Ligand code: 3EB
């Protein structure tokens, strides 16, 4: 593994199938697999137990089939159950829950609300049973996120069900909540991936934005349950999980219809979250925008060049970004960006 990451308990890296075939995946010599995330319309037929398949088309210029690999120093073992696959080692659990939606529910409640309630109820049961009490990050993907059924936009149905799952799991729903994202994809079941630890992460908010759990009711009766980022400690490593970030200031969408300005506003929000992280958690060195491995969700595939050109002015030339064709949870948003970064912790951990 590259020497600058010798302290890292968890690394996230992307290789194409060809890289792996050519043995260019050098981390695989020294690290163990925790999870894999794949992308696109074609679902891989085989693979490892903790795999989230994201049903969103990659918008790479070359359209390669790269996958994201989550690797850990300490060996991991499988954890399986109905509708659930996961892996864990002594510090970390990565799980994936998939819940197909019924066409109709018995009590007439919206199908996606029920699916989200099931997913989050199961998620917290798994965590309690395996003694991983703290969710650091979740990734939520669902089809037709902006469609209205049962008189309610499906993203709001999801928020209702997620909120019910948090309540059943006896989790707080304000302040110290996990980082997350919620995107619309081209098909498949509700898919919820989560990374959980045995120690709490620090939840980080963005001073430019109303906390999502305090969004006013105009965005839905149940406010979304996520923080703007979470910072977790893993032995000598600190990990920053940046939630899905969009062109929202206060609680309002800005620059409707202008994807370049939305991208620039999103970058300003990311910079603010990174600055807030550096304020709350002083380390041996500061986090920087350039440390983030980014996932960029693009509503209209034709916008990708415009988004790329705005990002290029701010990102490092070698910075890894994955562009995916997906719907953002507000229909007036055309782009959303999330990421992960890590640094060496300032003082060696004593555990
Ligand atoms: C926003 O800032 C944009 O519902 O879990 C971003 C990250 C968004 C997470 C979620 C939603 C979620 O409100 C949308």
What number of residues within the stretch 215-265 satisfy the criterion of being in a loop (DSSP other than H, G, I, E, B), on the phi < 0 side of the Ramachandran plot and over 21 Å from the mean Cα position of the chain (by Cα)?
6
So is residue 56 surrounded by 17 or more Cβ atoms within 10 Å (Cβ to Cβ), over 23 Å from residue 9 (Cα atoms) and touching a helix residue (DSSP H, G or I) at 6+ places or on another chain (Cβ under 7 Å) or not?
no
Taking the condition of being part of a helix (DSSP H, G or I), under 21 Å from the mean Cα position of the chain (by Cα) and farther than 20 Å from residue 328 by Cα, how many residues in the stretch 280-309 meet it?
3
Going through the stretch 153-184 in order, the residues found to be more than 14 Å from the ligand (Cβ to nearest atom) and touching a strand residue (DSSP E or B) at 6+ places or on another chain (Cβ under 6 Å) are 176
Give just the number: which of (1) surrounded by fewer than 20 Cβ atoms within 10 Å (Cβ to Cβ); (2) within 19 Å of residue 326 (Cβ to Cβ); (3) within 17 Å of the chain's Cα centre (by Cα) does residue 176 not satisfy?
(2)
Among the residues of the stretch 274-289, is there at least one that is over 22 Å from residue 8 (Cβ atoms), in contact (Cβ under 8 Å) with a residue 24 or more places away in the chain and within 14 Å of the ligand (Cβ to nearest atom)?
no
Being more than 19 Å from the chain's Cα centre (by Cα), surrounded by 15 or more Cβ atoms within 10 Å (Cβ to Cβ) and more than 28 Å from residue 238 (Cβ to Cβ), is that true of even one residue in the stretch 270-279?
no
Could you grab the pairs with beta carbons closer than 7 Å, sequence gap of 6+ or different chains, first residue in the stretch 307-319 and more than 15 Å from residue 271 (Cα to Cα), second one part of a loop (DSSP other than H, G, I, E, B)?
none
Give all pairs with beta carbons closer than 6 Å in which a residue from the stretch 246-271 that is under 21 Å from residue 302 (Cβ atoms) meets a residue that is near the ligand (Cβ under 10 Å from one of its atoms) and part of a helix (DSSP H, G or I); count only pairs at least 6 apart in sequence or on separate chains.
246/266; 247/266
Go through the residues of the stretch 28-40 one by one and say whether even a single one is at pLDDT 80 or above, under 19 Å from the mean Cα position of the chain (by Cα) and part of a loop (DSSP other than H, G, I, E, B).
yes
In the stretch 116-137, anything in contact (Cβ under 8 Å) with a residue 60 or more places away in the chain and over 17 Å from residue 105 (Cα atoms) is listed as 120, 123, 127, 131, 132, 133, 134, 135, 136, 137
Across the stretch 310-351, the tally of residues that are part of a helix (DSSP H, G or I) and in contact with a helix residue (DSSP H, G or I) (Cβ under 8 Å, 6 or more places away or on another chain) stands at 2
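The values are calculated or read from the model by the stated rules, or taken from the named source; none is laboratory data. The structure presented is a predicted model; accordingly, all values stated were derived computationally and were not measured. With ideal geometry, Cβ positions are generated from the backbone for all residues, glycine too; neighbour counts draw on all protein chains shown.
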